[in-house]
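Worksheet: one structure, shown below.
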Amino acid sequence: MELANYNFKLGKHKNKNVIWIAFPYNKDMQKQLQKQFPSVSYSASNACWYLPDLPVVRRELKIKEELPGKKLLDTIHHINKQAFIDYRNQLQIKSYSINTQRMYLAEFAELLYLINDYPIEDLNPKRLKDYFLYCVQHLKMKERKMNGKINAVKFYFEQVIHRPKMFFDIPRPKTPSTLPKLLSKYEIKRIIKATTNLKHKVALKLCYGMGLRVSEVVNIKLHHINSSRMLVHIVGAKGKKDRYVPLPMTILKELRIYYTIYTPEEYLFEGQYGGSYSKSSLQQVFKKAMIKAGVNKKIGIHGLRHSYATHLLESGADLRFIQELLGHYSIKTTQVYTKVSHSHMSNIKSPLDSL
């Protein structure tokens with residue numbers, strides 16, 4: 001499909017953002033469009049083809065993506081608009097991930113919206129403390145949300161306008177120490193068995209079989225897989241840290257069958273509009289598989305990663321080795337699995353048993 005032969009225009013259709021696609025009536029061009037984008041739709045009322053306005057679609061069509069926070073900017077008083085723009089620019093200069101950019105911009109925009117026409121740079125530590133107190137007492141924000149908000153506000157004063165670290169006396173809410181949620185090997189086997197779609201099954205098997213985050217699974221590219229060495233290169237993971245993980249021997253045959261049927265071009269798991277498969281889609285796949293398998297637990301797809309680490313520990317793997325496989329910076333993060341490992345618990349006998 002030669003993109004130069006098609007004209008693209010941003011617009012709305014049925015209250016949704018879309019990309020209109022115009023081209024001279026030509027059956028071959030229509031077939032090429034439908035082949036590359038099987039979900040492309042036709043609007044009879046507008047006499048035009050269209051695709052949803054999504055980042056992945058824009059990348060495929062070589063359309064410049066919207067800057068994060070564009071809609072938020074419209075909610076901010078003009079006095080603080082430049083502060084918001086400078087904030088966004090600094091996030092991009094420091095190459096923060098797009099998800100972190102969106103989260104920080106949303107938190108910063110909330111503060112700017114609240115202070116309205118009061119210049120953000122004139123806020124002193126006392127007024128900021130009052131704002132955080134308001135978030136806790138009136139907005140009932142939890143610890144994780146509050147820590148994210150404090151980090152976002154700190155970023156402006158320390159990284160954008162280069163004030164000294166002025167928040168040393170702002171107490172951080174203590175984050176609850178929770179244990180990871182796990183699935184047994186039997187439950188995981190049932191979930192995989194309940195997944196009949198080959199693409200979905202392979203994706204879930206890799207989530208568990210390599211202990212990957214969902215973002216890492218959907219970002220695997222074909223050239224990241226080295227079947228001769230049985231390794232997969234995980235690129236640009238959390239903290240922009242690369243690592244290698246072993247490819248499970250039992251999945252190799254299934255992986256080759258999957259490749260033959262789906263013929264992915266760049267990413268191992270590709271979305272319906274090209275590019276990588278979406279994280280939310282894979283999360284929904286896991287959720288539906290849980291229901292179908294009759295596994296009644298409140299646990300997300302990340303539970304497969306927790307289960308992988310715990311099952312490795314229970315099989316006798318060294319904690320340092322598990323740390324490397326998971327890509328943890330600190331061994332303390334990995335040590336949480338010792339608290340949920342059955343093998344560690346089973347070695348402890350209650351004094352009651354010796355009475």
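Details
Results for (1) outside the structural domain of residue 337 (by TED's automatic domain parsing); (2) part of a helix (DSSP H, G or I); (3) under 13 Å from residue 212 (Cα atoms); (4) out of contact with any Lys or Arg (no Cβ under 7 Å at 6 or more places or on another chain), shown as yes or no for each residue.
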residue: 244; (1), (2), (3), (4): no, no, yes, yes
residue: 253; (1), (2), (3), (4): no, yes, no, yes
residue: 256; (1), (2), (3), (4): no, yes, no, yes
residue: 260; (1), (2), (3), (4): no, yes, no, yes
residue: 286; (1), (2), (3), (4): no, yes, no, yes
residue: 290; (1), (2), (3), (4): no, yes, no, yes
residue: 298; (1), (2), (3), (4): no, no, no, yes
residue: 306; (1), (2), (3), (4): no, yes, yes, no
residue: 309; (1), (2), (3), (4): no, yes, yes, yes
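- Every pair of residues 6+ apart whose Cβ atoms lie under 6 Å, when the first sits in segment 46-74 and is within 15 Å of residue 92 (Cβ to Cβ) and touching a residue at least 40 places away in the same chain (Cβ under 8 Å) while the second is of a type in the set (A, V, I, L, M, F, W, C) and buried (at least 16 other Cβ atoms within 10 Å of the Cβ): 69/105
- The set of residues from segment 16-60 being closer than 30 Å to residue 70 by Cα and among the charged types (D, E, K, R) comprises 16, 53, 58, 59, 60.
- So residue 214, is it crowded, with 20+ Cβ neighbours inside 10 Å and among the aliphatic types (A, V, I, L, M): yes
- Matching residues, segment 323-340, being in contact (Cβ under 8 Å) with a residue 60 or more places away in the chain and surrounded by 13 or more Cβ atoms within 10 Å (Cβ to Cβ): 324, 325, 326, 327, 336, 337, 340
- Complete set of residues in segment 41-93 that are among the hydroxyl-bearing types (Ser, Thr, Tyr) and in contact with a Phe, Trp or Tyr (Cβ under 9 Å, 6 or more places away or on another chain): 41, 42, 43, 50, 75, 87
- Scanning segment 220-247 for residues that are under 24 Å from residue 287 (Cα atoms) and at pLDDT 95 or above yields a single hit, 220.
- Of the residues examined, residue 53 is one that is outside the structural domain of residue 277 (by TED's automatic domain parsing), over 30 Å from residue 146 (Cβ atoms), at pLDDT 85 or above and among the charged types (D, E, K, R).
- Members of segment 107-126 found to be free of Cβ contacts under 8 Å to residues at least 40 places away in the same chain and part of a helix (DSSP H, G or I), listed by number: 110, 112, 113, 114, 115, 122, 126
- Filtered residues of segment 92-106 (kept if among the aromatic types (Phe, Trp, Tyr) and not in a helix (DSSP H, G or I)): 96
- Annotation note: of 284, 335, 272, the sole residue that is at pLDDT below 90 and within 24 Å of residue 37 (Cα to Cα) is 272.
This table checks each residue for (1) under 30 Å from residue 154 (Cβ atoms); (2) touching a Cys at 6+ places or on another chain (Cβ under 7 Å); (3) crowded, with 16+ Cβ neighbours inside 10 Å.
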site: 4; (1), (2), (3): no, no, no
site: 13; (1), (2), (3): no, no, yes
site: 35; (1), (2), (3): no, no, no
site: 40; (1), (2), (3): no, no, yes
site: 43; (1), (2), (3): no, no, no
site: 55; (1), (2), (3): yes, no, no
site: 70; (1), (2), (3): yes, no, no
site: 87; (1), (2), (3): yes, no, yes
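- Scanning segment 185-234 for residues that are within 19 Å of the chain's Cα centre (by Cα), without any contact (Cβ under 8 Å) to a residue 60 or more places away in the chain and outside any helix (DSSP H, G or I) turns up 219, 220, 221, 233.
The values are calculated or read from the model by the stated rules, or taken from the named source; none is laboratory data. On a predicted model such as this, the values are computed, not experimentally measured, just so you know. Cβ atoms come from the backbone with ideal geometry, glycine included; neighbour counts cover every protein chain shown.
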